[in-house]
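The values are calculated or read from the model by the stated rules, or taken from the named source; none is laboratory data. Bear in mind that the values here come from a model prediction, so they are computed numbers and not experimental data. Cβ: placed from backbone, ideal geometry, glycine included. Neighbour counts: every protein chain shown. Calculation scope for accessible area: heavy atoms of the full protein, side chains included, ligands and nucleic acids excluded. Shrake-Rupley method; radii C 1.70, N 1.55, O 1.52, S 1.80 Å.
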Number of protein chains: 2
Amino acid sequence: MSKVLIIGAGGVSNVVVRKCAQNSAVYSEILLASRTKSKCDAIAQDIKNIPVHTAKVDADNAAEVAALIRDFHPELVLNVALPYQDLPIMDACLAEGVNYLDAANYEPKDKAHFEYSWQWAYHDRFKEAGIMALLGSGFDPGVTNVYTAYAKKHHFDTIDTLDIVDCNAGNHGQAFATNFNPEINIREITQNGKFYKDGGFHEIPPMSEHKSVDYPQVGPRESYLLWHEELESLVKHIPEIKQARFWMTFGQEYLTHLRVLEDVGMTRIDPVEFQGHKIIPLEFLKALLPEPGTLGQNYTGKTCIGCQLTGTKDGKPQTYFIYNVCDHAECFKEVKAQAVSYTTGVPVMLGGAMMLSGKWSGKGVFNMEQFDPDPFMEEIGKWGLPWNEAFGSKLV
Amino acid sequence: MSKVLIIGAGGVSNVVVRKCAQNSAVYSEILLASRTKSKCDAIAQDIKNIPVHTAKVDADNAAEVAALIRDFHPELVLNVALPYQDLPIMDACLAEGVNYLDAANYEPKDKAHFEYSWQWAYHDRFKEAGIMALLGSGFDPGVTNVYTAYAKKHHFDTIDTLDIVDCNAGNHGQAFATNFNPEINIREITQNGKFYKDGGFHEIPPMSEHKSVDYPQVGPRESYLLWHEELESLVKHIPEIKQARFWMTFGQEYLTHLRVLEDVGMTRIDPVEFQGHKIIPLEFLKALLPEPGTLGQNYTGKTCIGCQLTGTKDGKPQTYFIYNVCDHAECFKEVKAQAVSYTTGVPVMLGGAMMLSGKWSGKGVFNMEQFDPDPFMEEIGKWGLPWNEAFGSKLV
């Protein structure tokens, strides 16, 4: 029975709070804080079985976060705020000696990076403080890391290749909208593609490599090679992997919108002088686009995310695909969220439960694949993200 | 030998100043004023044969404009600033008793209109003050109005239909840019299309009617029916016209960009709350796009703008097309401007010369078609915009 501080009040936070309340054997009390307290209140008002308090906090400010922690005494901080805010929130946890979990790696505001180096640099300080940080406990990164560790533990002696495939075949009925924070979404796909091969990372121009992938329960969808942060941690922690890639689906209309927005400069993350103010075009674009949290209501279709691995088992070649399929409309029925928020929020709750129950423990900064996958895999289906596996056929 | 005040320092202004200097028999001294004095200085520094003074002015502020007029004593104010500023500049001319000319009709900031009503409402006051305003002395409106008056005078007893066709077949090598003020350009084409038929104006959804038009020296180009202000004045002053339409070419890429920018809300002209400031999305977009004045350097290809008329002459059916073809690269060689700025700027200079020489005179507010077209048509070719005519074949 644990108290947690949840920071952030977007689409993912809504799922995390509801799922924590469903898991009241572990989560007994929540303080939900974000820059806009009214967004916290809107989420909290639906939760009846455990107390959910709300507060206003500027998560860029470590001292403000630390003050909340001192007042509330949580055992764990679940960070589902903006990735820019990972470091100040980690600083606050260090200062107050509280465990930390997030779902997306730190990224500086002025440049798209998606690297773990900044957060891994906290390892010794977390270790010395006797506390634990669990990084990237969403779906991808997160469940994909656990899938890979699970495959390694049960189905491979050696993994040669890893292809993470992420398909959203949903339709939200909007001309253009992003499924999670548009700033992050657009940063991710306007930077160079990058993959791991033969001991090094290789860059390619943005969206320049793509192929049709036939997703279970969805069908063939054009999928684009792009950089995703879990590749960095997975090849570090499973160094036998010779090649690791990440693929994501995009519709032609989405790509056309993106190309135009780049053409005119609206995806820039450097500030532009405008009428005496410094405006970051991508932030202004975000203000115009629909809030991802509002997309759920009329969302139809499914997501399919998984890991395809090749390698050897008992001296024979092995090909294995492990994946989840999630339905937008069913997610909305359950927690008033679309599947992209849902698939990210459930693992935040469950990763936290692994820490609070002591099934995953350590002192320092960790990624998901560093822990025994079995207790997580035993529970994740029950919380809404059942997994399937297929042997033999190759998707990518 | 006359002194003129030129307000505005964009691409058109650059052409007007250079053309006035070429016509030093009429224009002897210029005061060039705009919000940004450095832009005036950049234009003025190339002019050696007549004095060009520069000044800073906020053209939204009639009192500031009036103060400039009092200091400089011009005979005429050439307004090539933003259309929002037509009324304060007209107010200043009224206050100081100075003649006025512009190239685009007044438009309020908060709503796209393109109607003459606001400026026509100044007629009695200009008349009482004994001064003259010449509205819309660019190419379209402007030369197209004179073409129509010329056709009426020499080639028709009765005009039945008028189709103004405006083709820019140039290539500026940019992913997306507008050829004149992007705010105005985008306002023009995101509003409903409108045409005149059988005594009334009829609206259609934006860009919903289009056809291929085979332009002389250019070839076939898809052309879209849209509203253009000269239709309003031409059917008022030549009331026999039964149908009047305006067509403009757009490339598929341009339209795709426009559709996306509309989808995401970047063409909105209502203010959006953003980080404590009120930002008009279209104005912010304008700040990101290339300045139209900078497009000239690598611009290739031609423009073709003209009027196709049908009706009767001497009891027989008459079909007539009168047009100009202008080459972007040649314009740049002559005046460091692309053809869209050039075709607008030359008629500003010549319309002003018509007023200053007394060939066109009156007290009140006038459109170009209200004057004898012959002296204008005699000169316009010499200043860089020669015209061609064709009888018989129909383009539209």
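What is the distance in Å between the Cα centres of region A:211-225 and region B:41-65?
A separation of 60 Å, based on Cα centres.
Place the label 7 angstrom along Cα→C-beta at A:GLY130 and in each other copy, then list the distances from the first to the rest in nm, shortest first.
Reported distances to equivalent positions: 9.7 nm.
Return the subset of A:LYS56/A:LYS359; B:LYS316/B:LYS359; A:LYS127/A:LYS197; B:LYS19/B:LYS359; B:LYS39/B:LYS194; B:LYS153/B:LYS394 for which the Cα-Cα distance in this structure is over 26 Å, preserving the input order.
Correct reply: A:LYS56/A:LYS359; B:LYS316/B:LYS359; A:LYS127/A:LYS197; B:LYS39/B:LYS194.
Which residue in chain B puts its Cβ closest to the axis that rotates chain B onto chain A, and at what distance in whole Å?
B:VAL260, 2
State whether region A:87-193 is rounded, prolate or oblate according to the following rule on the C-alpha gyration tensor (a ≥ b ≥ c being the square roots of its eigenvalues): a/c under 1.5 gives rounded; otherwise a/b larger than b/c gives prolate, and the remaining case gives oblate.
Verdict is oblate for region A:87-193.
Using the Karplus curve 6.51 cos²θ - 1.76 cosθ + 1.60 with θ = phi - 60°, work out ³J(HN,Hα) for each residue of region B:64-81 in order, rounded to whole Hz, and write x for Gly and Pro.
Result, rounded to whole Hz: 5, 5, 4, 5, 4, 4, 4, 5, 9, 6, x, 7, 8, 10, 9, 9, 10, 7.
Using a 1.4 angstrom probe on heavy atoms only, work out the carbon and sulfur share of the accessible area of chain A in %.
48 percent
log₁₀ I(q)/I(0) of chain B at q = 0.10, 0.11, 0.12, 0.13 Å⁻¹, via Debye over equal Cα point scatterers, no solvent, to two decimals?
Log10 I(q)/I(0), no solvent term: -0.62, -0.77, -0.93, -1.11.
B:HIS277 versus A:GLU379, label points 7 Å from Cα toward the beta carbon: distance in nm?
Roughly 4.7 nm, to one decimal.
What number results when the radius of gyration of region B:13-158, computed over Cα atoms, is divided by 2.2 N^0.38 Å?
The value comes to 1.11.
Step through the residues of region A:93-107 one at a time and calculate ³J(HN,Hα) from phi using the Karplus curve (6.51 cos²θ - 1.76 cosθ + 1.60, θ = phi - 60°), rounding each to whole Hz and writing x for Gly and Pro.
4, 4, 4, 9, x, 10, 5, 9, 9, 9, 10, 8, 6, 4, 9
Please state the relative contact order of region B:2-134 as a whole percent: Cα pairs under 8 Å, 6+ residues apart?
Computed over region B:2-134, the figure is 22 percent.
Place a label point 7 angstrom from the Cα of B:GLU240 along the Cα-to-Cβ direction, then list the residues of region B:362-393 whose backbone nitrogen is under 17 Å away.
B:369-373
³J(HN,Hα) across region A:132-149 via Karplus (A = 6.51, B = -1.76, C = 1.60, θ = phi - 60°), whole Hz, x for Gly/Pro?
Couplings: 10, 10, 10, 9, x, 9, x, 8, 9, x, x, 4, 4, 5, 5, 3, 5, 5 Hz.
Roughly how big is the A-B contact, given as buried accessible area in Å² (both sides, 1.4 Å probe, nearest 100)?
2200 Å²
Based only on the alpha carbon positions, what is the Kirkwood hydrodynamic radius of the protein assembly as shown, in angstrom?
Computed over Cα pairs of the protein assembly as shown, the Kirkwood hydrodynamic radius comes out at 30.1 Å.
A:TYR100's amide H: which non-local residues (gap 5+, or another chain) put their own amide H closer than 5 Å, with H modeled 1.01 Å from N in plane and none for Pro or chain starts?
For A:TYR100, whose amide H was placed from the backbone, the distant partners under 5 Å are A:VAL77, A:MET132, A:ALA133, A:LEU134.
Where the centre of each part is set by its Cα atoms, how far does region A:73-114 sit from region B:321-396, in angstrom?
That distance is 65 Å.
For B:MET248, B:MET1, write out the residues from largest to smallest accessible area, computed with a 1.4 angstrom probe and no ligands counted.
B:MET1, B:MET248
Using a probe radius of 1.4 Å on heavy atoms only, what accessible surface per residue do you get for region A:2-134? Whole Å² is fine.
With all protein chains present, region A:2-134 gives 37 Å² per residue.
Placing a label point 7 Å from Cα toward Cβ, how far apart in nm is B:GLU240 from its equivalents in the other copies, listed shortest first to one decimal?
Shortest to longest, the spacings are 9.3 nm.
Starting from the residue with the highest accessible area, list B:ASP314, A:ASP263, A:ASP86, B:ASP327 in decreasing order, probe 1.4 Å.
Sorted descending by solvent-accessible area, the residues read B:ASP314, A:ASP263, B:ASP327, A:ASP86.
Provide an ascending nm list, one decimal, of label-point separations from A:SER361 to the equivalent residue in each further copy; define each label point as 7 Å from Cα along Cα→Cβ.
Shortest to longest, the spacings are 10.2 nm.
I'd like the accessible area for B:LYS3: 1.4 Å probe, protein heavy atoms, all chains in place, Å² to the nearest 10.
60 Å²
Sum -39500 (n - 2.57) across every DSSP H segment of at least 4 residues in chain A, then divide by the residue count to get the 222 nm mean residue ellipticity, nearest 500.
Calculated from helices alone, the mean residue ellipticity at 222 nm is -10000 deg cm²/dmol.
Give me the residues in region A:287-312 whose solvent-accessible area, probe 1.4 Å, is reduced by at least 10 Å² once all protein chains are included instead of the chain isolated.
Residues shielded by partner chains are A:ALA287, A:LEU288, A:LEU289.
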